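**Q** The structure is given below, and queries will be raised subsequently.
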Amino acid sequence: MRINATAYRTIWVAQDGWSVEVIDQIKLPHVFETQTLTSVSEAARAIKDMVVRGAPLIGATAAYGVALAMRANPSDAALDAALALLGATRPTAINLQWALKELDLAVRLLPPEERAVGAYARAAQICDDDVETCRQIGAHGLKLIEEIAATKNGEPVNILTHCNAGWLATIDWGTATAPIYMAHDAGIPIHVWVDETRPRNQGAALTAFELGQHGVPHHIIVDNAGGHLMQQGQVDLCIVGTDRTSARGDVANKIGTYLKALAAQDNDVPFYVALPHTTIDWSIEDGVADIPIEERAPDEVLTMQGRCGDEVVQVGIGAPGSPAANPAFDVTPARLVSGLITERGVCAASQAGLASLYPEKAS
Ligand code: MRU
């Protein structure tokens with residue numbers, strides 16, 4: 001992704017060769033700044049506070065967190081402590097546990113003096129693989145957009161997305177946004193409805209920022225507008241991401257995704273979910289019952305961040321004294337999902353669909 005004409009990934013090793021640079025997503029879209037992570041505790045804090053967020057980027061940051069831990073102290077005890085600290089940061093995105101398992105596998109059997117180098121190499125590989133995976137998701141999703149575009153007589157294909165499953169949630173390209181960027185680059189007229197995505201406004205702040213940087217026409221809409229737009233025939237396709245996908249194709253994604261899927265079904269709007277294999281939890285079948293849902297601080301509901309002149313300020317929006325509840329994700333059952341767009345192709349949201357693409361996992 002180019003930001004002001006400079007190409008960026010969302011995470012990289014800094015010029016010193018060891019500290020880890022990330023884009024500070026709390027400050028976007030008001031200020032584009034990076035943060036330098038120099039220890040495992042800073043990496044864990046960045047994930048928990050959502051300086052970095054989005055399932056694949058959470059996993060990549062955790063991987064570099066282990067590398068930072070091994071650089072400071074390559075003992076077994078330090079490795080165990082790093083895995084425990086990072087593993088407790090955010091419960092829903094399975095990429096976190098996947099990446100930590102990968103790092104454990106990569107370094108546990110190495111002699112202590114080789115562990116840091118091994119961990120940095122595996123973290124870098126996870127990032128490179130994610131870029132390629134998202135590119136492939138984009139290529140498969142592009143075909144769906146092309147099919148719809150062929151029916152529109154040159155009118156834009158209207159795509160609705162929720163939260164940010166974009167470049168900022170991954171290393172590059174995004175999952176849900178990769179087909180959108182590719183379609184736009186291929187000259188297909190595209191227009192995106194961007195759900196604002198309360199409480200943290202990842203749509204209004206991050207997806208809109210990305211689309212704007214890439215020149216993709218879009219409008220930010222309030223979270224409750226999607227159903228109406230679908231009824232009015234103004235949505236051709238929904239594409240969202242997922243933080244954890246069960247073996248039968250239930251998908252946990254940012255709170256509010258389920259309501260969009262219900263509205264899409266009622267209006268015959270195709271509802272696709274884009275995901276890399278790192279988001280599939282093969283140990284869970286019933287996502288509604290068994291995917292852990294993160295409950296975040298009530299403050300995220302009771303306050304809003306915004307620009308006031310040149311300043312970024314936080315304002316209260318709730319009735320003073322009223323408590324808030326803040327479930328951060330919901331689960332959309334597979335029956336409401338038209339298909340899963342993966343790096344291996346598009347499949348039905350079902351056990352058989354996923355098994356057809358990942359036979360080695362589905363035994
Ligand atoms: O709480 P967040 O901002 O980490 O939630 C992110 C999402 O829900 C994304 O849609 C999901 O991680 C998919 S990212 C490719």
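**Q** Assuming residue 135 fulfils every condition listed in (1) within 13 Å of the ligand (Cβ to nearest atom); (2) farther than 30 Å from residue 302 by Cβ apart from one, which condition is it?
**A** All conditions pass for residue 135, except number (1).
**Q** Kindly indicate whether any position in region 40-56 is within 14 Å of residue 10 (Cα to Cα), more than 17 Å from the chain's Cα centre (by Cα) and more than 16 Å from the ligand (Cβ to nearest atom).
**A** Within region 40-56, not a single residue is within 14 Å of residue 10 (Cα to Cα), more than 17 Å from the chain's Cα centre (by Cα) and more than 16 Å from the ligand (Cβ to nearest atom).
**Q** Please indicate, with yes or no, whether at least one residue in region 158-180 is over 30 Å from residue 327 (Cα atoms), outside the structural domain of residue 77 (by TED's automatic domain parsing) and modelled with pLDDT of 95 or more.
**A** No, region 158-180 has no match at all.
**Q** Follow-up question, since we're still on this one. Would you check if residue 284 is within 16 Å of the ligand (Cβ to nearest atom) and assigned to a loop (DSSP other than H, G, I, E, B)?
**A** no
**Q** In region 232-281, which residues are within 10 Å of the ligand (Cβ to nearest atom) and either assigned to a loop (DSSP other than H, G, I, E, B) or modelled with pLDDT under 95 (or both)?
**A** Those that are within 10 Å of the ligand (Cβ to nearest atom) and either assigned to a loop (DSSP other than H, G, I, E, B) or modelled with pLDDT under 95 (or both): 241, 242, 243, 255, 256, 275, 276.
**Q** Hey, does region 174-197 have a residue that's more than 17 Å from residue 274 (Cα to Cα), within 11 Å of the ligand (Cβ to nearest atom) and polar (S, T, N, Q)?
**A** Within region 174-197, one or more residues are more than 17 Å from residue 274 (Cα to Cα), within 11 Å of the ligand (Cβ to nearest atom) and polar (S, T, N, Q).
**Q** All but one of (1) in contact with a His (Cβ under 7 Å, 6 or more places away or on another chain); (2) within 15 Å of the ligand (Cβ to nearest atom) hold for residue 156; state the number of the condition that does not hold.
**A** The number of the failed condition is (2).
**Q** Within region 75-89, which residues are in contact with a helix residue (DSSP H, G or I) (Cβ under 7 Å, 6 or more places away or on another chain) and more than 18 Å from residue 37 (Cα to Cα)?
**A** Applying the first criterion (in contact with a helix residue (DSSP H, G or I) (Cβ under 7 Å, 6 or more places away or on another chain)) to region 75-89 yields 75, 78-79, 82-83, 85-87, 89.
Matches in region 75-89: 75 only.
**Q** Moving to a separate point now. Tell me yes or no: at least one residue of region 101-124 is within 16 Å of the ligand (Cβ to nearest atom) and touching a helix residue (DSSP H, G or I) at 6+ places or on another chain (Cβ under 9 Å).
**A** no
Residues are listed down the side, and each one gets a yes or a no for (1) closer than 13 Å to residue 276 by Cβ; (2) buried (at least 21 other Cβ atoms within 10 Å of the Cβ); (3) of a type in the set (S, T, N, Q):
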{"residue": "67", "(1), (2), (3)": "no, yes, no"}
{"residue": "94", "(1), (2), (3)": "yes, yes, no"}
{"residue": "127", "(1), (2), (3)": "yes, yes, no"}
{"residue": "133", "(1), (2), (3)": "yes, yes, yes"}
{"residue": "138", "(1), (2), (3)": "yes, yes, no"}
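**Q** Kindly check whether there is at least one residue in region 210-220 that is hydrophobic (A, V, I, L, M, F, W, C) and surrounded by fewer than 22 Cβ atoms within 10 Å (Cβ to Cβ).
**A** Among the residues of region 210-220, at least one is hydrophobic (A, V, I, L, M, F, W, C) and surrounded by fewer than 22 Cβ atoms within 10 Å (Cβ to Cβ), which makes the answer yes.
**Q** Among the candidates 144, 211, 206, 168, single out the residue that is more than 19 Å from residue 56 (Cβ to Cβ) and among the aliphatic types (A, V, I, L, M).
**A** Being more than 19 Å from residue 56 (Cβ to Cβ) and among the aliphatic types (A, V, I, L, M) holds for just one of 144, 211, 206, 168, which is 144.
The values are calculated or read from the model by the stated rules, or taken from the named source; none is laboratory data. Model, not experiment: these values are computed from the prediction. Cβ coordinates were reconstructed from backbone atoms using ideal geometry, including for glycine residues, and neighbour counts include every protein chain displayed.
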